[in-house]
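Just so it is clear, none of the values below were taken in a lab; they were calculated from the coordinates. Since this is a predicted model, take the numbers as computed values, not measurements. Here the Cβ positions follow ideal geometry from the backbone for every residue, glycine too, while neighbour counts run over all protein chains shown.
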Amino acid sequence: MEVLMHHLWQRVLPRLPRTMSTPCKSDLSCAAGHAPTDSISRPSTHLPPSTHLPLVSHLFQPSNLRDVGQEKSAQVDMTCKSQRLMQQAGLIHPSNPGCYYYLPATVRSMEKLVMLIDQEMQGIGGQKLDMPSLCSAELWRQLFRLRDRHGAEYCLGPTHEEAVTELLAPQGTLSYRQLPLLLYQITREFHDEPKPRFGLLRGREFYMKDMYTFDMSEEAAYRTYESVCQAYTRLFSQLGLCIVQVHADTGNIGGKLSHEFQLPADIGEDRLLVCGSCSFSANVETMEPGQTDCPQCQEGTLVESKGIAVGHTFYLGTKYSHIFNATFNNTQNKPAVTEMGCIGLGVTQILAAAIEVMSTEEAICWPGLLAPYQVCVLPPKRGSKVDEVAGLAEELALSLGEALPRLKGEVVLDDRTQMTIGKRLKDASQLGYPYVVVVGQKAAEETPRFEVICQQTGETTFLSRDGLVDILRCVETV
Ligand SMILES: [Zn+2]
């Protein structure tokens, strides 16, 4: 491998611009043990400290990709607002049906969401791990008929209950003192979706968080279940999403208790029944056909609405742990079967569902914490009357990150100064920066003032630099 890398460097480096590489000192030998040579260049390992300001012209949200998305043929499967907006803004790009490239701004947003999920899951004692995507078909045979859509001896496991219990079973040394044990992972999952649609909402590849919980008793398992549901509720409230926790069917996963976390939305494919008088809500699938009386308070009437399921919790009991022998040593030092829970969260679905319900038809609105960048600074058009304040815009963008360390890396400069302010404002609103700062005519005055547009309130104000810093001080970041 090293030898191969060495040859690759030899081929690639002479073509790189001079600034990206420094000549190899003759007293250094290369990693592969080759004799030192002056003819090979290496990339510098001493890059200057980060004074990096993200420039819109450098961001990979290619407009040629956007154009493809606007072709008539591609319009056909634009099935919902979030998909259309995300493709238009260069956030995602379709590959195969139900599969997308997640472009850099989307990945930034998703990484922020993952950080929030990690905080909540680790806050209730969750430990993160990473399990293989390829599951031995043998694991499936023990439980279900072999899923043979690939006709191969391996299959892609839609969930990992089997794998995680197999991981625990041979340990045999799990003590009751280690319980509850909460293991989770965030991975790319695959689903053989026959009719992929709604962009990231119903795809064939997506990111999921799945958690598996192990408890020593039914009572303890219910407590764990409840603490996970509360963590989900906190997560969604941080994101500003009005989620409804509904009773759900345990379906083919099985188990004793199940809830879905539904985001009410017109395009939602789940039908919910919500009581007008108490907190009861349920997926229609769990109710008697035609039932309109609330089974909880007996007074309220159930009203139907639609929702997008973004989370699902199952209390499985001992179904899986029994089959796979996931046991622990109890207080009498005797082996006992663990009580298990399985809890999922659709990571990419949360992102798309949030965009779906929060955005307007023209502009993306993110949950504040998930916006790919918090602030966009617009210098004047090149060659305009106030061209001389262009330098001020760049300096402002850099200084915001210094004045407010939380905003470091969160401020971008739209340096496409060949374009008018108006055109760039339109792009900015399409991408959904929570704050846009225009450096225009008033920035040329003795005390420079900047036009500040707050996406959430729609308000435009003219602020001095200090005023701007004061406003941005309230911006929350992950
Ligand atoms: Zn009720």
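Details
- All Cα-Cα distances of the range 199-303, cut into 10 Å bins from zero to the largest, leave 12, 37, 38, 13, 0 percent in each bin in turn.
- Inter-label distance for ASP466 and VAL107, nm, one decimal - labels placed 7 Å from Cα along Cα-to-Cβ: 4.2 nm
- Taken along its three principal axes, the alpha carbon spread of the range 174-227 comes to 45, 19, 16 Å, from the longest extent down to the shortest.
- Subtracting the Cα-Cα distance of THR301 and SER175 from their residue separation scaled by 0.36 nm leaves 40.6 nm.
- Pairs of C-alpha atoms in the range 417-478 farther apart than 21 Å represent 26 percent of all such pairs.
- For the peptides 183-194, 228-239, the ranking by packing is 228-239, 183-194, with the highest mean count of neighbouring Cβ atoms within 10 Å listed first.
- Relative to the current alpha-carbon distance between LEU129 and MET115, full extension at 0.36 nm per residue lengthens the span by 3.6 nm.
- Rounded, prolate or oblate (a/c below 1.5 giving rounded, otherwise prolate when a/b exceeds b/c) for the range 252-379 by Cα gyration tensor: oblate
- Convex hull volume per residue for the range 105-357, taking Cα atoms only, in Å³: 139 Å³
- Taking the number of Cβ atoms within 10 Å of each Cβ as an exposure proxy, the fewest-first ranking of SER82, SER95, SER258 is SER95, SER258, SER82.
- Shape class of the range 355-478 from the Cα gyration tensor (axes a ≥ b ≥ c, square roots of the eigenvalues): oblate, since a/c reaches 1.5 or more and a/b does not exceed b/c.
- Take 370-376, 330-336 and order them by the average number of nearby Cβ atoms within 10 Å per residue, most first; the result is 370-376, 330-336.
- Förster radius 41 Å - calculated FRET efficiency between THR420 and GLU269 (Cβ-Cβ, nearest 0.05): 0.50
- With the cut-off at under 19 Å, measuring from each backbone N in the range 434-478 to a point 7 Å along the Cα-to-Cβ line of GLN122 picks out 477-478.
- Between SER384 and any residue 5 or more places off or on another chain, the built amide H atoms are never under 5 Å apart.
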